[in-house]
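Values quoted throughout were computed directly from the atomic coordinates according to the rules given, and no laboratory measurement underlies them. Computed from a predicted structure; not experimentally measured. Backbone-built Cβ (ideal geometry, glycine too); neighbour counts: all protein chains shown.
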Amino acid sequence: MATQEELLAKLKESVIEYQDDVCKEASQQWIDEGYVALDGIMDGLAAGMEVVGDLYDKNEYFVPEVLMCADALYGGLDILRPHVPEEGGKVKAQVVIGSIQGDVHDIGKNLVKMMFDVAGWDVHDLGRDVPLENFVSEQLKTDSEVVAMSAMMTTTMLGMKKVINMIKEKNPDVAIMLGGAPVTKDVANLFGADGYAESAGNAVSEGIKMIARLREMRSKEK
Amino acid sequence: MAELTPKERVMRLLRKEPIDIMPFFSGMGMVVMPGIEKAGFNFPTIHTSAERMAMSAIESARLMNFDCVVIPYDMTMESEAMGNTISLYAESEDILYPTIPNKIWSTLDEVVVPDDILERGRLPILKDAIKIIKEVAPELPIGCWQLGPFTQSGQILELDLMLKGVFKQKEKVGEVLDLMTDMIIKIGNYLQESGCDYIVLREPGVAADLLSPKTFKEFIQPRLTKILNAWKSPKLLHICGQTLPLLPMMAECGADGITVDIKCDVRKGREILGPDVLFMGNIDTYTMTCDPKTPVQTSIDHIKDMIDGGVDAVMPGCDLWPDIKEENMKACVDTCHEYGTKPSPAVGRL
């Protein structure tokens, strides 16, 4: 029988070393041993991803490695997530996410999505090449707190500005996150967005930092 | 002041021969809305006909005083010729370049380059567009470009297959890159035979914020070198994003010059490359040329700083976004011409 610490270390390492099989096995074992699923997600999988973020910032890992780590994390998350009990009466936070029209790349979008999946949000993923008005209608339909958009190409990013205006006009309280290679912090400010991730790479960093903040908040609640 | 035609100026610069004033040119998109409108076309229609492509390019250059025209405009010609369907966004009010929303191949094993690729899709219109430009605007040099093998593979496959494949399916990734490499050589040769004056190999998908320099060395550099060696001069190499760690390797690929985008500090870049390498860049193509809030003086200072930083020619760091703020765009070009009268590190003055 593996101790809780041993299994947590295994979950964490399997994400860092992008070993999906080990991660799935350790996640199943975690459930079989009767440990708390959310602890496995936060202190195992997410903790591993935090290290991945550091390795990325230090130029030891690059996007291919991070994509493989994310695959491993999802392998574990699929097993652990169904065992997290719904919090009675509390509505889950929601996010609408997608790459905007004209942009058929979704690597950055998927990495930011991972952060919301780890946090247990309801994610409304519109995919890629998404017409601008679909972000607005989906937000209104779901009443999501956050709209996250990405554009990998300079040529598509101006569409974001329109979406932000359309959403803020109807619902000024929605938080808007922008990401994508050509979007700089200045541009995000200029467009009136609330959050920002600089590139597919920085989406990794930023997404992972948000995971770290979630973990901090959770440890304070404990 | 100006003694040379734009074509003489650019061709001399690319041979590192003395010129009169610094040219404002590029190997990437130089088509702008005022030029497209003057030619009388809508954005979605300029990608599909030789005449509309040629005339929108010429009008853009003449209105803005650019020292070149560059075709084609979009990155999907090759993928389309390999069998994919493009989306032109003909109904959209926004400026959207053609894309491939859904790719016909879902694995690395499926990739095939047809032998008659030059006859397929829109590739044949490029030779016609070059011919028209030569006739109508003989004073302008014609730049053409090809995506590098890694970025091109992202137009025919999901890019994450290639990215993860770098670790998980090394051989397969190598095979796809080799297929792309041979195709890029072939299309580049076709463009040069059709009369393009200089050619740019642009590989934006391999910057050091995406792939490790080690992966660049192992997978990318040998293929970029093969392509550049197979093309005639003048030929340039462009990579976007974090390029400082890659510059020494870029300089070994066999290009006549290196171009970079706004994420590369040109002073540091020049220091790494030394004074003899033709080095160009790196206008911020949103803030300095489009943003309605940027004062003209800020754009002027940006250009001067770039020239003081040691570029041999001022070049947009990426495709110009067509919806320019004309005042700033013109100021960028004028400043380049007026402030660029002194010799640059690699190129003297007449």
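Only lysines eight or more places from A:LYS10 in sequence, or on another chain, were considered; those with a Cα closer than 19 Å are A:LYS24. The alpha-carbon of B:LYS217 sits under 22 angstrom from the alpha-carbons of these lysines, leaving out residues fewer than 8 places away in its chain: A:LYS58, B:LYS164, B:LYS168, B:LYS170, B:LYS172, B:LYS226, B:LYS235, B:LYS263, B:LYS268. Each of A:ARG81, B:ARG223, A:ARG128, B:ARG349 was scored by other Cβ atoms within 10 Å of its Cβ. Arranged with the fewest first, they read B:ARG349, A:ARG81, A:ARG128, B:ARG223. Binning at 5 angstrom from zero up to the longest distance, how are the C-alpha pair distances of segment B:194-245 distributed in percent? Pair shares across the bins are 5, 18, 28, 23, 14, 8, 4, 1.
Cβ-to-Cβ counts within 10 Å put A:SER99, B:SER233 in ascending order as B:SER233, A:SER99, the fewest first.
Quick one: putting +1 on the C-beta of Lys and Arg, -1 on the C-beta of Asp and Glu, what dipole do you get for segment B:1-82 around its Cα centre, in Debye to the nearest 20?
Details: 8 positive and 11 negative charges, 42 e Å.
Value, rounded to 20: 200 debye.
Extent along the principal axes, Cα only, for segment A:1-98: 42, 41, 18 Å, with the longest axis given first. Across chain B, Cα-Cα distances exceeding 32 Å account for 26% of all pairs.
Need one number: convex hull volume per residue for segment B:1-116, Cα atoms only, in Å³. Intermediate results must be reported in sequence, preceding the final value.
Numbers: hull volume 17.1 nm³, N = 116.
Spread over its residues, the Cα hull of segment B:1-116 gives 148 Å³ apiece.
Couplings for segment A:32-40, taken from phi via the Karplus curve 6.51 cos²θ - 1.76 cosθ + 1.60 with θ = phi - 60°, read 4, 6, x, 6, 6, 4, 5, 5, x Hz in order; Gly and Pro are left as x.
DSSP assigns beta bridges within chain B; of those with both partners inside it, close to 5 percent run antiparallel. Overall, the anisotropy analysis places segment B:155-262 in the oblate class: the square-rooted eigenvalues a ≥ b ≥ c of its C-alpha gyration tensor yield a/c not less than 1.5, with a/b not exceeding b/c. The relative contact order of chain B comes to 20 percent, based on Cα pairs under 8 Å that sit 6 or more residues apart.
Per the Debye calculation on the protein assembly as shown with a single equal scatterer at every Cα and no solvent contribution, log₁₀ I(q)/I(0) for q = 0.11 Å⁻¹ amounts to -1.01.
Between the listed residues A:PHE116, A:VAL52, A:ILE41, the Cα displaced farthest toward the positive end of the dipole of segment A:18-166, a dipole computed from Cβ unit charges relative to the Cα centre, is found at A:PHE116. Any idea what % of Cα-Cα pairs in segment B:2-65 are farther than 13 Å? Value for segment B:2-65: 63 percent of Cα pairs lie more than 13 Å apart. Taking 0.36 nm per residue of sequence separation and removing the Cα-Cα distance, the B:LYS268/B:LYS214 pair yields an extension gain of 17.3 nm.
Summing Cβ point charges (Lys, Arg +1; Asp, Glu -1) relative to the Cα centre of the protein assembly as shown gives a dipole of roughly 1200 debye.
Our helix-only sum for the protein assembly as shown, with -39,500 (n - 2.57) per DSSP H run of n ≥ 4 divided by its residues, gives a mean residue ellipticity at 222 nm of -14500 deg cm²/dmol. Note: relative contact order over segment B:3-64, using C-alpha pairs below 8 Å and six or more positions apart, is 29 percent.
Residues whose amide H comes within less than 5 Å of that of B:VAL111, counting only those at least five positions distant or on another chain, are absent (H built at 1.01 Å from N in the peptide plane).
Of the cross-linked pairs A:LYS168/B:LYS38; A:LYS161/B:LYS186; A:LYS109/B:LYS186; B:LYS7/B:LYS330; B:LYS134/B:LYS186, those separated by over 31 Å at the C-alpha level are A:LYS168/B:LYS38; A:LYS161/B:LYS186; A:LYS109/B:LYS186. Within 10 Å of each Cβ in peptide A:96-103, how many partner chain Cβ atoms are there on average? Round it to a whole number, please. Per residue, the number of nearby Cβ atoms from other chains is 3 on average.
Could you work out the Kirkwood radius for segment B:205-350, taking every pair of different alpha carbons, averaging 1/r and inverting it, reported in Å?
Numbers: mean 1/r = 0.0630 Å⁻¹.
Result for segment B:205-350 stands at 15.9 Å.
Cross-link partners of A:LYS92 among aspartates and glutamates, defined as those whose alpha carbon lies under 20 angstrom from its own and excluding same-chain residues fewer than eight positions apart: A:ASP39, A:ASP78, A:ASP117, A:ASP122, A:ASP125, A:GLU138, A:ASP143, A:GLU145, A:ASP173, A:GLU216, A:GLU221. Residue exposure proxy: B:LEU108, B:LEU14, B:LEU157, ordered by other Cβ atoms within 10 angstrom of their Cβ from fewest to most, comes out as B:LEU108, B:LEU157, B:LEU14.
Taking the Cα centre of segment B:23-281 as origin, work out the dipole magnitude from +1 charges on Lys and Arg Cβ and -1 charges on Asp and Glu Cβ, in debye rounded to 20.
The calculated dipole for segment B:23-281 is roughly 560 debye.
Here's the picture: charge each Lys and Arg Cβ at +1 and each Asp and Glu Cβ at -1 in segment B:23-281, and of B:CYS240, B:ALA54, B:CYS253 the one pushed furthest to the positive end of that dipole is B:CYS253. Applying a 4.7 Å Cβ-Cβ cutoff to chain B, the cysteines left without a disulfide-compatible partner are B:CYS68, B:CYS240, B:CYS253, B:CYS264, B:CYS290, B:CYS318, B:CYS332, B:CYS336. Between segment B:31-97 and segment B:321-348, how far is it from one alpha carbon centroid to the other, in angstrom? Between the Cα centres of segment B:31-97 and segment B:321-348 lies a distance of 23 Å.
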